[in-house]
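As structure tokens, the structure follows; a few thoughts come after it.
Values quoted throughout were computed directly from the atomic coordinates according to the rules given, and no laboratory measurement underlies them. In this text, all values refer to a predicted model and were calculated from it rather than measured experimentally. Here the Cβ is made from the backbone with ideal geometry for all residues, glycine too, and neighbour counts use every protein chain on show.
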Amino acid sequence: MNLEKILSIAGKPGLFALKVQTRTGFLVESLLDGKKMTVSLKVNVSLLSEISIYTFEGEKPLSEVMRNIAIKEDCGPAISHKEDNAKLIAYFMEILPQYDSERVYPSDIKKVLNWYNILQSKDLVSKEEPIIENAEEVLEKVVEEVVAEKAKAPAKKSPAKKE
């Protein structure tokens, strides 16, 4: 599941797909109603790919949690985020048994389930893990390119001191 261009915007309901980055912000499209709007750089925006859930072993990326829900529901919708807290917590324990219940609140669980259901309604959920074929080769190539670029760049000269 690729969450690289999916945003949550503070103060706005739902999720948004990043369309274009502009000088002054972003052009986004709502996944709820398809309306496009511009968002200033001053607004608090979160990329779903950067969000993690606290567990006792560390943090789990949101994409893994979403994948767990997709596997449990066979890519169908999850329970409603409007269920009572006890049902939400029990459901989340099935999805991510090692989640840290002292640091992950019912409001967080509601957000995750709401986001999952929005993504599922747009056929953006998947049980598959993102595969990067030849990941080591790709990483090696990128490192080689960076090293080559640094070698090509002229050394910065420090200004001569005047006495």
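Which of the three applies to the range 6-48, rounded, prolate or oblate, going by the alpha-carbon gyration tensor with a ≥ b ≥ c and a/c under 1.5 meaning rounded? Verdict is oblate for the range 6-48.
Count Lys and Arg as plus one, Asp and Glu as minus one, and take only other residues whose Cβ is under 13 Å from that of His81; the net charge is then +1. Simple spin-label estimate for Ser121 and Ser52 gives 3.1 nm between the two label positions (7 Å along the Cα-to-Cβ direction from each Cα).
Could you rank the peptides 57-67, 106-116 by their average count of other C-beta atoms within 10 Å per residue, with the highest value first?
106-116, 57-67
Exposure proxy ranking for Lys82, Lys122, based on other Cβ atoms within 10 angstrom of each Cβ and starting from the fewest, stands as Lys82, Lys122.
Please report, in cubic angstrom per residue, the volume enclosed by the convex hull of the alpha-carbon atoms of the range 51-121. It would help to have the intermediate numbers written out before the result.
Details: hull volume 5.3 nm³, N = 71.
For the range 51-121, the hull spanned by Cα atoms encloses 75 Å³ per residue.
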